[in-house]
Every structure is written in structure tokens, then in C-alpha cells.
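See below for the structure under consideration.
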Amino acid sequence: MPVDFECLYFLDNELFCIVEIKLTKLPIYAPKKDRFKWLMINKNSSAVKELHFQSMDSSHAIEERFFDMGYLKFDAEKGVFISKDPKAEHTLDNTANNDLPLQIETLIINYLEEKA
């Protein structure tokens, strides 16, 4: 079965990107943790890691997500990811759901197919 997903958020910098996707083939009653995935993609190694969602906070302009590997805060234009290990702060551009680059889309599809 082909993997179909929709990109909800795409935050990007020169080293890596963070993407939230929604798997569109799963039924609406499937658990949210199965339908929605946050992925961190290393552009140098092509490694894809799932960020395990823990909680979120949302206001009119600022979004915050807390993960096992760190904290993400972003608005409509930019974001920052603070990783736990190693402790580091990474600035990201919020691409406002622009189309994913083909290389990133392919890495996501390969990752999801391996996990299926």
C-alpha cells in the first residue's frame, strides 16, 4: 500500500528540517500518535528520526511543541529547536507549508515504508 501523507509544518535550516505530517490513509478513529508524526531529518546523513510528541501549547501567534529529544517554538516565519542531547539551540525557517523538496519527501516515504 503506498504511503500517503500531508505536510502540516515544515521548518528548515541548512543542517536539518523538522516536519509534521498527517498520514492520510489511516482512519479518522486511529490514535493521533499513529496519524500524526513529527520527524527530524538530517540533511547531511539523510537520517530520519521520529520526535516523540509529549505536549503542546498554542496561542494566536506562537506554537510550542515538547518532544522526547527537545523543545520546538515557532511562529508563521521562524522557529527554534532546543535539543536536549547535545544541548543546543537551532534556528529554523518556517516555510509556511511550501512544497517539500523532493529529496525530503523521498526520505519521509522511505522512512514510513520501513516502519510499516
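Under 5 Å from the amide H of Leu51 lie the amide H atoms of Trp38, Leu39, Met40, each residue being 5 or more positions distant or on a separate chain, with H modelled from the backbone and absent for Pro and chain starts.
Given axes a ≥ b ≥ c from the Cα gyration tensor, I'd like to know whether segment 60-116 is rounded (a/c under 1.5), prolate (a/b larger than b/c) or oblate. All intermediate terms of the calculation are to be shown ahead of the outcome.
Details: a/c = 2.15, a/b = 1.31, b/c = 1.64.
Oblate.
Ordered by solvent-accessible area of protein heavy atoms (1.4 Å probe), largest first, the residues His52, His90 come out as His52, His90. Helix 102-115 and the longest principal axis of the Cα set of the chain meet at an angle near 60°. What whole-number distance in Å separates the alpha-carbon centres of segment 1-35 and segment 53-75? Each part reduced to its Cα centre gives a spacing of 16 Å. When Ser55, Ser83 are compared by accessible surface with a 1.4 Å probe, the order from highest to lowest is Ser55, Ser83.
Express the carbon and sulfur contribution to the solvent-accessible surface of the chain as a percent, rounded to the nearest whole number, probe 1.4 angstrom. Kindly include the intermediate steps, with their values, before the conclusion.
Details: 3800 of 7260 Å².
Solvent-exposed carbon and sulfur of the chain make up 52 percent of the total.
Go ahead and run the numbers for FRET between Ser55 and Asp75, Cβ-Cβ distance against an R0 of 22 Å, rounding to 0.05.
Values: r = 19 Å, r/R0 = 0.84.
That gives a FRET efficiency of 0.75.
For the options Leu15, Leu102, Leu26, a Gaussian network treatment of the chain with springs between C-alpha atoms closer than 10 Å singles out Leu102 as fluctuating the most. When the helices of the chain are scored as -39500 (n - 2.57) per DSSP H run of n ≥ 4 and the total is divided over every residue, the value at 222 nm lands at -4500 deg cm²/dmol. Relative to the current alpha-carbon distance between Phe36 and Lys87, full extension at 0.36 nm per residue lengthens the span by 15.8 nm. Restriction of the GluC sites (Glu not before Pro) in segment 34-116 to DSSP coil positions whose beta-carbon has at most 10 other beta-carbons within 10 angstrom yields Glu77. Comparing Leu51, Leu11, Leu100 in a Gaussian network model of the chain where C-alpha atoms under 10 Å apart are linked, the largest mean-square fluctuation is found at Leu100.
Which value, in Å², gives the accessible area per residue of the chain when a 1.4 Å probe is used on the protein heavy atoms? Before the final figure, lay out each step's value.
Numbers: 7260 Å² over 116 residues.
Here the residues of the chain average 63 Å² of exposed surface.
Can you give the relative contact order of the chain as a percent, counting alpha carbon pairs under 8 Å and 6+ residues apart? With pairs under 8 Å counted, the relative contact order is 21 percent. The structure-derived value of semi-axes √(5λ) of the Cα gyration tensor in Å appears in the list (1) 21, 17, 14; (2) 47, 13, 10; (3) 35, 13, 11 under the label (1). Legend: calculated FRET efficiency, Ile62 to Asp99, from the Cβ-Cβ distance at R0 = 35 Å, rounded to 0.05, equals 0.90.
The values are calculated or read from the model by the stated rules, or taken from the named source; none is laboratory data. Keep in mind the model is a prediction, meaning the values are calculated, not measured. So basically every Cβ, Gly included, is an ideal-geometry build from the backbone, and we count neighbours across all protein chains shown. Note: accessible area is taken over every heavy atom of the protein model, side chains too, but ligands, DNA and RNA are not part of it. Shrake-Rupley method; radii C 1.70, N 1.55, O 1.52, S 1.80 Å.
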